[in-house]
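What follows draws every value from the coordinates through simple rules; no lab data is involved. This one's a predicted model, so the numbers in the text were calculated from it and none came from an experiment. Note: ideal-geometry Cβ built from the backbone for every residue, glycine included; neighbour counts use all protein chains shown.
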Protein chains: 2
Amino acid sequence: MSTSGRRPTLAVVGATGAVGRVLVDLLATRADVWGEVRLFASSDAVGTTIPVLGRDEPIRVLEPGCFEGVDVVLFEAPEDVVRIWAPLAVESGAVAVDGSAAFRLNADVPLVVPEINPSATRMRRLGIVAAPRCSTLVLTVALAALHAEFGLRELVVTAALAASGRGRIGIDTLRRQTSEVAGDPTVGSRTGDLRRAVSEQDDDPFEAPLALNLLPWAGDAGEDGWSSEELGLRNETRKILGLPELRISATCLRVPVVSGHSLTVHAVFDNEPDVARIREILDSSAGVIVYDDPAKGEYPTPADVVGSDPTWVGRVRRSLDDPHALELFLCGDNLRKGAALNCVQIAELIAQEPAGSAQHA
Amino acid sequence: MSTSGRRPTLAVVGATGAVGRVLVDLLATRADVWGEVRLFASSDAVGTTIPVLGRDEPIRVLEPGCFEGVDVVLFEAPEDVVRIWAPLAVESGAVAVDGSAAFRLNADVPLVVPEINPSATRMRRLGIVAAPRCSTLVLTVALAALHAEFGLRELVVTAALAASGRGRIGIDTLRRQTSEVAGDPTVGSRTGDLRRAVSEQDDDPFEAPLALNLLPWAGDAGEDGWSSEELGLRNETRKILGLPELRISATCLRVPVVSGHSLTVHAVFDNEPDVARIREILDSSAGVIVYDDPAKGEYPTPADVVGSDPTWVGRVRRSLDDPHALELFLCGDNLRKGAALNCVQIAELIAQEPAGSAQHA
């Protein structure tokens, strides 16, 4: 990217959302890449400011010409907003980095995890680069290097998704319900008690009480009984790992955890995995930490990994019945590396490109 | 069993525990099989009474001769108690029904789910009949009929176990922690916050906070990184289904749910499963209810099934990549059918046997 010597300008769309707030905070911890930073959100936030890189930045609204002079626009916004505004950002000369599902499976849009396929960032024929959903991210960061050595053949995944995967309203709903059920000495022990104990509100993002419960559903209804979260996890994992035929069966649960997605993984490889070697590979993989000695109480939990960047790996063990299969437990903060950090890393890759190196419309 | 015309006498060991209380309450809802019922618990409960079948029964302690005149002894007690007292119950002429793990995998002890293998109850060469752990029960009740038609070849299971699987102390710990974190507007959003927010007590059954969290571990450390819960689920499922070579990979999580175990199941069959036929079979299976229309918000959750007896089945769908694989979500009350009811059903089978029909030492 050429910015004629000046430091590039970054825009963040959705700066007041659950991921957007984490993203703005993260900028302070990253290398000093950006010049101006512009923050955008919905009109109810206009008039407020958010501190970013030492300056109080006003919240702006999206309007024609708003991306003039901007080099990279990070979208942490709903799909319908991104579908309209990402092409407009590209038109005004910026690169769009999309954290939503709007362009993830578009063949002309690279889906990037910087630890895995950083060079794909340059193949942005539409000027747009997409980041995967948080569950895909936690999964692929751990699996990419294992696939390189053992050849991934099949995955059976159960993803226990945190409330914050549904944004601030998800967090607020879980906290409100937790307060409503706390102190009740019987709730959760008798049929339907929990539905009576929690209040329903129109904007609740969950179809059943989440506090002291779990739901075997996340996302919208897709084909043949699959949810959009499950199909997204499958298709994005195939795209990032470059394995369009990979067998994946995923079930997504919503669990009463504030932040931090957890995944149980049954991975079948072409070559028999050796547990000692698996640990070595994981230990030396960027963005991965192995924490695995359950006899000593050492395994990752969402409450312990929240606020950190890596994918944490525990419960590494060989299947007892299939010598080609390995079991893993993965845990990662869905708001940080799972969303905000990955987008920031992609934006940094773009900012640091030599001029003319990208394949851009 | 011959009781010379009188109605048989039942003893319940562990009558004041989480499962024991449910069991005693259940007796009032069952057919009128039993004459005298004697209740046993640890010495701190002596002096109290529990109402059973319209009478206030005193709590007794286990002591030599305590099973005299008893026909069936139901054990809902720790393994070490059962190992000593079940053989003594048999010696004094009773049949022992064991809800613990003490004898489940003993080749001379049948492991019984009355909907699946009721006749195995009679093959009790040691005079002892065992019931499986709650997760095995939820799983096998749903799978037995599917196996009969399609031939089960492999299972990948993630079991999300409720706090009550660890008994009353498990329930109390989750409730206490839930009160401690309720109302805190940030807990669960920052690393380690949750560990500071919940108090630690010496008898906590969980190694990390459970409220607003989940743990990728349940049970004791077994071989090669597997937990006793995972190995038990595997070995008991093989024994009940009569499939000693069945491939099973299980991961057991502990989740902040009071009661109600949830299982995601990836089942591979010899013959390609047809979803419509799968639903038909499940619908007509004893102890199974299909509740499955996620587009309408219809799927089982632990808070909805707690207090009910069946295994609830949702999310029935074919694998997208393997025509032999089926995905299911199962949910069942671990204290009722998962433990207490199954033992009561076994005891009733024994009480109703024609004299001399059992293979008994």
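In whole Å, how far is the Cα centre of the range B:142-175 from that of the range A:211-241?
With the range B:142-175 and the range A:211-241 each reduced to a Cα centre, they are spaced 22 Å.
Would you mind working out the magnitude of the charge dipole of chain B relative to its Cα centre, with +1 at each Lys and Arg C-beta and -1 at each Asp and Glu C-beta, to the nearest 20 Debye?
That gives chain B a dipole magnitude of about 340 debye.
What's the exposure ranking of A:LYS239, A:LYS296, going from fewest to most Cβ atoms within 10 Å?
A:LYS296, A:LYS239
Please list, in chain and number order, the residues 5+ apart from A:GLU154 or on another chain whose amide H is under 5 Å from its amide H, with Hs placed from the backbone.
Counting only residues 5 or more places away or on other chains, the set is A:VAL268.
Label the range A:220-322 by shape, choosing from rounded, prolate and oblate, from the square roots a ≥ b ≥ c of the eigenvalues of the Cα gyration tensor; if a/c is under 1.5 it is rounded, and otherwise prolate applies when a/b is larger than b/c, oblate when it is not. Don't skip to the end; give the middle numbers.
Numbers: a/c = 1.79, a/b = 1.21, b/c = 1.48.
Oblate is the answer for the range A:220-322, as a/c is 1.5 or above yet b/c matches or exceeds a/b.
Mind putting a number on the dipole of the range A:136-333 about its Cα centre? Charges go on the C-beta only, +1 for Lys and Arg and -1 for Asp and Glu, and I need it in Debye to the nearest 20.
The calculated dipole for the range A:136-333 is roughly 240 debye.
Which value, in nm² and rounded to one decimal, describes the direction-averaged projected area of the C-alpha convex hull of chain B?
Numbers: hull surface 81.1 nm².
Hull-based average projected area comes out at 20.3 nm².
Reported to two decimal places, what Rg/Rh ratio describes the protein assembly as shown when computed on Cα atoms with Rh from the Kirkwood expression?
Here the Rg-to-Rh quotient is 1.03.
What is the local net charge at A:CYS66, summed over the other residues whose Cβ is closer than 10 Å to its Cβ (Lys, Arg +1; Asp, Glu -1)? The partial results should precede the final answer.
Details: positive: A:ARG38, A:ARG60; negative: A:GLU63, A:GLU68.
Around A:CYS66, the charge tally is 0.
Divide by every residue of the protein assembly as shown the summed helix terms, -39500 (n - 2.57) for each DSSP H run of at least 4, and state the resulting mean residue ellipticity at 222 nm, rounded to the nearest 500 deg cm²/dmol.
Computed mean residue ellipticity for the protein assembly as shown: -8000 deg cm²/dmol.
Have a look at A:ALA325, A:ALA96, A:ALA339 and tell me which one the Gaussian network model of chain A (Cα, springs below 10 Å) gives the largest fluctuation.
A:ALA325
Decide, for the range A:107-243, between rounded, prolate and oblate: order the square roots of the alpha carbon gyration tensor eigenvalues as a ≥ b ≥ c, take rounded if a/c falls under 1.5, and otherwise choose prolate if a/b is larger than b/c, else oblate.
Prolate is the answer for the range A:107-243, as a/c is 1.5 or above and a/b outweighs b/c.
Using Cα springs under 10 Å in a Gaussian network model of chain B, which residue among B:PRO185, B:PRO294, B:PRO209 shows the largest mean-square fluctuation?
B:PRO185
In the neighborhood of B:PRO273, defined by Cβ-to-Cβ distances under 12 Å, what is the net charge if each Lys or Arg adds +1 and each Asp or Glu adds -1?
Counting the neighbours of B:PRO273, the net charge comes to -2.
What does the charge add up to near B:VAL306, with Lys and Arg as +1, Asp and Glu as -1, over the other residues with Cβ less than 10 Å from its Cβ?
Charge balance near B:VAL306 sits at -1.
I'd like the FRET efficiency for A:THR3 and B:ASP322, computed as 1/(1 + (r/R0)^6) with the beta carbon distance as r and R0 of 51 Å, rounded to 0.05.
After rounding to 0.05, the efficiency reads 0.55.
Averaged across B:327-338, how many Cβ atoms of other chains sit within 10 Å of each residue's Cβ atom? If you can, show how the numbers build up before the last one.
Working: counts 7, 2, 6, 1, 2, 0, 2, 0, 1, 0, 0, 0.
Counting other chains' Cβ atoms within 10 Å and averaging over B:327-338 gives 2.
Would you kindly derive the ³J(HN,Hα) couplings of the range A:265-274 from the backbone phi angles with the Karplus curve 6.51 cos²θ - 1.76 cosθ + 1.60 (θ = phi - 60°), listing them in order in whole Hz, with x for Gly and Pro?
With coefficients 6.51, -1.76 and 1.60, one gets 10, 10, 10, 10, 10, 5, 9, 5, x, 9 Hz.
Volume per residue, Å³, of the convex hull around the alpha-carbon atoms of the range B:136-334? List each step's numbers first, then the result.
On the way: hull volume 29.7 nm³, N = 199.
It comes to 149 Å³ per residue, whole-number rounded.
Pick from A:ILE350, A:ILE50, A:ILE240: which is most flexible by mean-square fluctuation in a GNM of chain A where alpha carbon atoms under 10 Å apart are linked?
For chain A, modelled as a Gaussian network with Cα springs under 10 Å, the answer is A:ILE50.
Which is farthest toward the positive dipole end of chain B among B:GLY5, B:LEU137, B:GLY307, measuring Cα position about the Cα centre, with Cβ charges +1 (Lys, Arg) and -1 (Asp, Glu)?
Most positive-ward Cα: B:GLY5.
Rounded, prolate or oblate for the range B:96-174? Axes are the square roots of the Cα gyration tensor eigenvalues, ordered a ≥ b ≥ c, and the cut-off for rounded is a/c under 1.5.
In terms of gyration-tensor shape, oblate.
In this model, which of A:LYS239/B:LYS239; A:LYS337/B:LYS296; A:LYS296/A:LYS337 are farther than 29 Å apart at the alpha-carbon? Intermediate results must be reported in sequence, preceding the final value.
Details: A:LYS239/B:LYS239 41 Å; A:LYS337/B:LYS296 33 Å; A:LYS296/A:LYS337 27 Å.
Long pairs (Cα-Cα over 29 Å): A:LYS239/B:LYS239; A:LYS337/B:LYS296.
Please list A:129-137, B:216-224, B:57-65, A:299-307 highest first by mean number of surrounding beta-carbon atoms within 10 Å per residue.
A:129-137, A:299-307, B:216-224, B:57-65
Within the range A:227-250, which residues have the backbone N less than 18 Å from the label spot 7 Å out from A:SER119 along Cα→beta-carbon, could you tell me?
A:240-243
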